[in-house]
Structures are given as structure tokens and as C-alpha cells.
Amino acid sequence: MVTRTVDLRSDTVTKPTEAMRAAMATAEVDDDVLGADPTAVRLESEVAAIMGKEAGLFVPSGTMGNLISVLVHCDIRGSEVILGDNSHIHIYENGGISTLGGVHPRPVKNNDDGTMDISSIEAAIRDPRGELVFPTTRLICLENSHANTGGRCLSVEYTDKVGELAKKHGLKLHIDGARIFNASVALGVPVNRLVQAADSVSVCLSKGLGAPVGSVIVGSKSFISKARRLRKTLGGGMRQLGCICAAAFVALKENVAKLEGDHKKAKMLAEGLNQIKCLRVNVAAVETNIIYFDIVEGTKITAEKLNKNLEEHGVLVMLEGPYRMRLVLHHQISSSDVQYTLSCFQQAFSGVQEENGNQV
């Protein structure tokens, strides 16, 4: 019988804290579709100020936040957006920019650190003289931290260069900042400086910060005015939104300070996993709260079999392939949970090594 659960599937699995529940119960609310919910207005203004932008808009999810942002910047069907081939918008958002907005994605290879080569981005920008046959490039999208490369952080210097390139060609820059606070803490750079070059940012409050629901998109007042209309079009306009925003406020105030601890525990876990002969972890690549690791080829255990073994001991992880897994730390994972997780991995592989005659 499982008596302990350590949920490392994602930082989206956190449960609302007692402080969040209390804030939700006592939240001052009104109709946000009418622009009258005071708690929503305060949260939007707070996030916008933190990000150094004029205005903000609460949306139910990061996916909707990215979708709205892309559609505002690419308001003519047939526009093109340059984005990473391994980015969240390109892979995990159901092709919404194309399906709903008629926006054509122009993927550029993501490097192992989450960047795209500046020269490759520039080469992907369409020559306006070919507008008879080409889509028109209107937007560049970055992701910080970059989830699929293991939560790697884009430096402010790199982001500034992409921003300069966008301005040079008359383009807009959007940052998918689902974990932008993680990047800020890891880099030691104020979050407003990290996104200074961006025309818009989607900031997720239900990932690293542990709020139960929602993201805020930020940008200029005119951008947010257009975004508000699109939110309604997409069914994202909600009424007494303050109940949700109150919990997000608590997350914003209390959990940013916990991110450094999440990163340290992720590094500790990665280093421990890397000591297990059957596993390979690029410890140096663990910059924030995400760990990817591979089971060594030839080991008599697959990711699926390992996942089942861990599940029996209450450790939940994310499968990424036949021999690949992902772990994500969050504020409800303790140092004790990390040690327990390592013991479960060691136990799983000690049996494998015995089967192999103590050989990997």
C-alpha cells in the first residue's frame, strides 16, 4: 500500500495552499467581462508593473495567453511567426495559431540551450519583395525558460539581440514566459529587465508559482485592448474572476522566493540520479526546476517499466519516450521527498543490476 506520494510529473500539479484557499473565500469580486472585478484588475496591474509593461490581462491558461498574443500581433490571416522547432507554442498548443488564426509557423531549430541562432532567425524572415508568393513575417516568439531543453534560461543579452533584430525588420517579439520567474531567479536578473525587449509576454502563474489556475499576458495598453476582445471571442471571458485571481496573488507574493530552493533541489536530484549506473543525466543543463534523463541503452528496463515501479512507491514522473523521462520540482516537493525519490530509483535499478549479473 502506497503511503507517500511525490508528484514530479509537472509543476502544474500543486494543490492550493491554505492561504490561497482563504484568499479565494474572501476575495472581493464583480463581473470581469464588464471590466469591474477589482481583484482581477489589481492582479493584472501588479503583473504588468512587475514585467515593466503598461497593462495586463488574466487568461485561463498559458496556451490561451500565447494564442491571443500571436493573433494580436498577426492580425492579418496568412501572417507568419518565427518560433523554435522545439517550443511549446509549436508542439504542445494544438496548432491553435494556424487552426484559429490562420497564422503560419516558420520553425527554426532550437539549440540545446533553448536559443535559436540569430543568423537563422534573420534568414527565416521573409523578403517583403516576395510577398506575392511568401507569407508575411510579423512576429518572433521566444520561450524562457525553455521547457523542452530542460528549463534552460535565455540570457538578457540574447533576448536583447533578438529584440534588436525584430525592430530592424519591423517585427514584434513575444515571449512565452510560462516559467519566466524561474529564469529570472536562476539568472539573477530582474524579470522586467529580462523581458524588456518584448512587445508582449505570457506569464503563467500556475506552473512554477503554484497558483491553481491562470496566466497573465502583458504589453502595451493598445495590445491589451485588442487582447481583451480576443479573449472574449475564444470563450475566455469569466465573470467573478477575483476568486481565482486572489489565489494567484498569494502565489505571486509567497512563491517567487521559493523558486531558488526548487532549483537547488532539482540539481540535488539530478546529481543523485546521475550516480545510478543505468541512468544518464546532463547535470550541467539543470538550470531551473526541470530534469530530463535517459535510461542507458541495453539496460533491462524501459521507461514504462520504471514508471510503473516508481508509481507503486508513490513517485509520479512523466514519460518522454521508450528510455526517456522528465521530472519537475515545485514548492510542494521537500528535500525529504528528493531523498525518498532517489531511494526508489536506486531500489528499482538494484534489481535490474542483479538480473544483469551486476552489469549495466
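Taking the criterion of being outside any strand (DSSP E or B) and either open to solvent by less than 30 Å² (accessible area, probe 1.4 Å) or out of contact with any strand residue (DSSP E or B) (no Cβ under 9 Å at 6 or more places or on another chain) (or both), the residues of the stretch 268-282 that qualify are 268, 269, 270, 271, 272, 273, 275, 276, 277, 278, 281. Taking residue 286 as the residue in question, decide whether it is surrounded by fewer than 23 Cβ atoms within 10 Å (Cβ to Cβ), among the β-branched types (Val, Ile, Thr) and over 26 Å from residue 199 (Cβ atoms). Answer is no for this residue.
Taking residues in the stretch 85-96 that are under 9 Å from residue 63 (Cβ atoms) and open to solvent by less than 50 Å² (accessible area, probe 1.4 Å), and partners anywhere that are small (Gly, Ala, Ser) and part of a loop (DSSP other than H, G, I, E, B), the pairs with Cβ atoms closer than 8 Å and at least 6 places apart or on different chains are 88/178. If you take the residues in the stretch 158-179 that are among the hydrophobic types (A, V, I, L, M, F, W, C) and touching a residue at least 40 places away in the same chain (Cβ under 8 Å), which one is farthest from residue 113 (Cα to Cα)? If we take residues in the stretch 158-179 being among the hydrophobic types (A, V, I, L, M, F, W, C) and touching a residue at least 40 places away in the same chain (Cβ under 8 Å), then 171 is farthest from residue 113 (Cα to Cα). If you go through the stretch 296-319 and keep only what is assigned to a helix (DSSP H, G or I), open to solvent by 30 Å² or more (accessible area, probe 1.4 Å) and under 14 Å from residue 347 (Cβ atoms), you end up with 305, 308, 309, 311, 312. Of all residues in the stretch 4-34, those satisfying the criterion of being farther than 26 Å from residue 288 by Cα, open to solvent by 10 Å² or more (accessible area, probe 1.4 Å), in contact (Cβ under 8 Å) with a residue 60 or more places away in the chain and in a loop (DSSP other than H, G, I, E, B) are 26, 27, 28, 29, 30, 31, 33. Total residues in the stretch 320-360 satisfying the condition of being open to solvent by less than 30 Å² (accessible area, probe 1.4 Å), among the hydrophobic types (A, V, I, L, M, F, W, C) and modelled with pLDDT under 95: the figure is 3. Restricting 189, 213, 203 to residues that are among the aliphatic types (A, V, I, L, M), open to solvent by 50 Å² or more (accessible area, probe 1.4 Å) and either farther than 29 Å from residue 15 by Cβ or not in a helix (DSSP H, G or I) (or both) narrows the list to 213. Taking the residues in the stretch 100-128 that are assigned to a helix (DSSP H, G or I) and out of contact with any Ser or Thr (no Cβ under 9 Å at 6 or more places or on another chain) as candidates, determine which candidate is nearest to residue 230 (Cα to Cα). Looking at residues that are assigned to a helix (DSSP H, G or I) and out of contact with any Ser or Thr (no Cβ under 9 Å at 6 or more places or on another chain), I get 121.
Scan the stretch 220-241 and tell me whether some residue there is open to solvent by 70 Å² or more (accessible area, probe 1.4 Å) and of a type in the set (A, V, I, L, M, F, W, C). No, there is no match, as no residue in the stretch 220-241 is open to solvent by 70 Å² or more (accessible area, probe 1.4 Å) and of a type in the set (A, V, I, L, M, F, W, C).
The values are calculated or read from the model by the stated rules, or taken from the named source; none is laboratory data. Just so it is clear, the model here is predicted, and its values are computed rather than measured. FYI the Cβ positions are ideal-geometry reconstructions off the backbone, even for glycines, and counts take in every protein chain you see. Accessible surface areas use protein heavy atoms only, side chains included; no ligands, DNA or RNA. Shrake-Rupley method; radii C 1.70, N 1.55, O 1.52, S 1.80 Å.
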